[in-house]
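**Student:** Have a look at this one.
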Amino acid sequence: MLKKQILINGAWVDAENKDVIKVINPAYGEVFAEVPKAHKADVEKAINAAAAAFESWSSLSPSKRGAYLRKASSLVFERKEEIAKLMTMEQGKPYKEALGEVEKGATILRYYAEEGERIYGRIIANEEEDFESRVIYQPIGVAAAISPWNYPIELLAWKVGGALASGCTIIAKLPSETPLSPLAFAECVHDAGVPAGVINAITGSGSEIGPVLFDSKIVKKVAFTGSTETGHEVLKGCIPTFKKVSLELGGSLPTVICRDCKLDLAVKGSVRRSFRNMGQICIAINRIYVEDDIYEEFIEKFVEETRKLKIGDGSKEDCDLGPMCTMGGVKTSVSHIEDAVSKGAKIACGGKKPEGAKYEKGYYFEPTILRDVNHDMLVMKEETFGPVVGVMPFSTYEEAVQLANDSVYGLASIIFTESLSLANYLSKKIDSGNVAINNVDAGVINAPYGGWKDSGFGHEHGPEGLYEYLLIKHIRIRYL
Ligand code: NAD
């Protein structure tokens, strides 16, 4: 049994009362590791450590903080294979995908090492000649990060990078399903030599640790990525202490495929973005709207390409899809499929657990395309967070916009068209914080990423991700 400790005040420790959380390998449904289950006393130690470290960390120049982050980034690159192996075992994604995510985590730290040096203020001329306004940015203080299991390192890296580069110290509450790879990531930051307390990484129950962080007057900022439901709890918890909050929440991503698009590109993108990481991505495609005269052709090709995806234990074989991370995810996928079929949808492919002894114990599920769906079905309304996508035709672009916007979520959307004016019309009319046109990746490292509507508020990525951890100060000077 693999055992890991948590990081509090620069030391690797167990929970004070020795409680643990068991970690399951979803490829077999078996426990293979355990990590401490932190309680209030442990969280308070982490908060106090982060508070004690803030003064000196925030006083360092951005370039000195950047040097630590660059070193941490190098360590993540050096250890990427061993960290990726842990991620595949706890999360289920194929090793090559896990490796890509670890590399991205390292790149994010390096990016924020640089971006931290570009925190520029402003000088504003006043009406009176001898007065001037200066605008400067200062770190907000102790930050708390709460992240989910679907991208255990990437979603943590955005928060650690932004917080540390801006001069904040951090307490990272890691996901219980996948604590091992983010602990290994935090270890790289620790081993880069950051002073004790600058990064604290703890594991335990979200509903227990969350309120300790929210109630603390020391914690000034909470960066949360997770479900919209938990996002409500986080926001409510942060009201009494007026914390700055950023919420990256759930989504239900619409994709609009127009008749003039490059169909093969649209098919390839739809396969990748519907099923990658078993659909357990906040920006996974959930709903596809296809212009009616290419509807049948699109479905035929989409099914053909989806059937080529190889499913397996990504730690042992080269495959496209691993198991889902949790049994709960399989159950939601099944219930959304059953709901759609009972209301008239047809299963174009998938819809069940793959057959064969090697899939027996794990949380495997076939990538599933539902055709002829409508908006009475859960798959088109709720976030499945699984390898299930609904496809339906549209006949006018106004209808496509109306369908795309018929959702409480507004995280991202995808459009396939070769017409610049159509791309412009659809991207402006669809209510989402991110739009990808003729590609399926709206999130890039140096441009802001954030949701609209029930998908949350605030940003990660880009300089905006840094400003989430900074306060604005206006200094008005009279020159004597
Ligand atoms: P979740 O909301 O259940 O958990 C997220 C984190 O919050 C976990 O670390 C969990 O332990 C913690 N938590 C749970 N209850 C809490 C509470 N009461 N107070 C404080 N923390 C608490 O989400 P999940 O199932 O782990 O992740 C999947 C969800 O995350 C999906 O809805 C997905 O869309 C969303 N997500 C959003 C983005 C984005 O960028 N918008 C990215 C990835 C995932």
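The values are calculated or read from the model by the stated rules, or taken from the named source; none is laboratory data. What you are looking at is a predicted structure, and each value in this text was computed from that prediction instead of being measured. Note that we place each Cβ from the backbone using ideal geometry, even for glycine, and neighbour counts take in every protein chain shown. We work out accessible area using only protein heavy atoms, side chains counted, and drop any ligands, DNA or RNA first. Shrake-Rupley method; radii C 1.70, N 1.55, O 1.52, S 1.80 Å.
**Student:** Has the range 401-410 got any residue that is open to solvent by less than 10 Å² (accessible area, probe 1.4 Å) and not in a helix (DSSP H, G or I)? Can you show your working first?
**Tutor:** Kept after step one, since they are open to solvent by less than 10 Å² (accessible area, probe 1.4 Å), are these residues of the range 401-410: 404, 410.
Next cut, not in a helix (DSSP H, G or I) only: 410.
Looking for residues that are open to solvent by less than 10 Å² (accessible area, probe 1.4 Å) and not in a helix (DSSP H, G or I), one finds at least one in the range 401-410, hence yes.
Yes/no matrix, rows are residues, columns are (1) touching a Ser or Thr at 6+ places or on another chain (Cβ under 8 Å); (2) among the acidic types (D, E); (3) touching a residue at least 12 places away in the same chain (Cβ under 8 Å):
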{"position": "V389", "(1), (2), (3)": "yes, no, yes"}
{"position": "A400", "(1), (2), (3)": "no, no, yes"}
{"position": "A404", "(1), (2), (3)": "yes, no, yes"}
{"position": "F416", "(1), (2), (3)": "yes, no, yes"}
{"position": "V435", "(1), (2), (3)": "yes, no, yes"}
{"position": "D454", "(1), (2), (3)": "yes, yes, yes"}
{"position": "E468", "(1), (2), (3)": "yes, yes, yes"}
{"position": "I475", "(1), (2), (3)": "yes, no, yes"}
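**Student:** If the requirement is being open to solvent by less than 70 Å² (accessible area, probe 1.4 Å) and in a strand (DSSP E or B), which of these qualifies: V440, V391?
**Tutor:** On the way: V440 fails: in a strand (DSSP E or B).
Every option except V391 fails the conditions.
**Student:** While we're here: F275 is checked against (1) at positive phi; (2) within 16 Å of the ligand (Cβ to nearest atom) and fails just one. What number does that condition carry?
**Tutor:** All conditions pass for F275, except number (1).
**Student:** Residues that are among the aromatic types (F, W, Y) and within 16 Å of the ligand (Cβ to nearest atom): does the range 137-148 have at least one? Steps first, answer last, please.
**Tutor:** Initially, the range 137-148 is screened for residues among the aromatic types (F, W, Y), giving 137.
Then drop every residue that is not within 16 Å of the ligand (Cβ to nearest atom), which leaves none.
Within the range 137-148, none of the residues are among the aromatic types (F, W, Y) and within 16 Å of the ligand (Cβ to nearest atom).
**Student:** Tell me whether the range 320-331 contains one or more residues that are open to solvent by 10 Å² or more (accessible area, probe 1.4 Å), over 21 Å from V271 (Cβ atoms) and either touching a Phe, Trp or Tyr at 6+ places or on another chain (Cβ under 8 Å) or modelled with pLDDT under 95 (or both).
**Tutor:** Checked against the condition, which is being open to solvent by 10 Å² or more (accessible area, probe 1.4 Å), over 21 Å from V271 (Cβ atoms) and either touching a Phe, Trp or Tyr at 6+ places or on another chain (Cβ under 8 Å) or modelled with pLDDT under 95 (or both), the range 320-331 yields at least one hit.
**Student:** Being assigned by TED's automatic domain parsing to the domain that holds G121 and out of contact with any helix residue (DSSP H, G or I) (no Cβ under 8 Å at 6 or more places or on another chain) narrows it down to one residue among L471, L420; which is it? Let's see the steps before the verdict.
**Tutor:** Working: L420 fails: assigned by TED's automatic domain parsing to the domain that holds G121.
From the options L471, L420, the qualifying one is L471.
**Student:** Filter the range 111-124 for residues that are open to solvent by 60 Å² or more (accessible area, probe 1.4 Å), under 19 Å from E468 (Cβ atoms) and of a type outside the set (S, T, Y) and give the result.
**Tutor:** Result: E114, E117, R118, R122.
**Student:** Let me ask you something else. Which residues, taken from the range 218-242, are of a type in the set (S, T, Y) and within 12 Å of the ligand (Cβ to nearest atom)?
**Tutor:** Matches in the range 218-242: T225, S227, T228, T230.
**Student:** Is it the case that the range 24-36 has a residue that's buried (at least 16 other Cβ atoms within 10 Å of the Cβ) and either under 19 Å from P211 (Cα atoms) or at pLDDT below 95 (or both)?
**Tutor:** yes
**Student:** Follow-up question, since we're still on this one. Name every residue in the range 185-217 that is more than 10 Å from the ligand (Cβ to nearest atom) and open to solvent by 10 Å² or more (accessible area, probe 1.4 Å), in order of residue number. I'd like the intermediate steps shown before the answer.
**Tutor:** Filtering the range 185-217 down to residues more than 10 Å from the ligand (Cβ to nearest atom) leaves 185-202, 215-217.
E187, H190, D191, A192, G193, V194, P195, A196, D215, S216, K217 - these are the residues of the range 185-217 that are more than 10 Å from the ligand (Cβ to nearest atom) and open to solvent by 10 Å² or more (accessible area, probe 1.4 Å).
**Student:** Collect the residues in the range 317-352 that are in contact (Cβ under 8 Å) with a residue 40 or more places away in the chain, at negative phi and over 21 Å from the mean Cα position of the chain (by Cα), keeping them in residue-number order. I'd like the intermediate steps shown before the answer.
**Tutor:** Initial filter on the range 317-352 (in contact (Cβ under 8 Å) with a residue 40 or more places away in the chain): 318-327, 329-330, 332-333, 335-337, 339-340, 345, 348-350.
In the following step, the residues that additionally are at negative phi were identified as 318-327, 329-330, 332-333, 335-337, 339-340, 345, 348-349.
Answer for the range 317-352, where residues must be in contact (Cβ under 8 Å) with a residue 40 or more places away in the chain, at negative phi and over 21 Å from the mean Cα position of the chain (by Cα): D318, C319, S335, H336, I337, D339, A340, A345, A348, C349.
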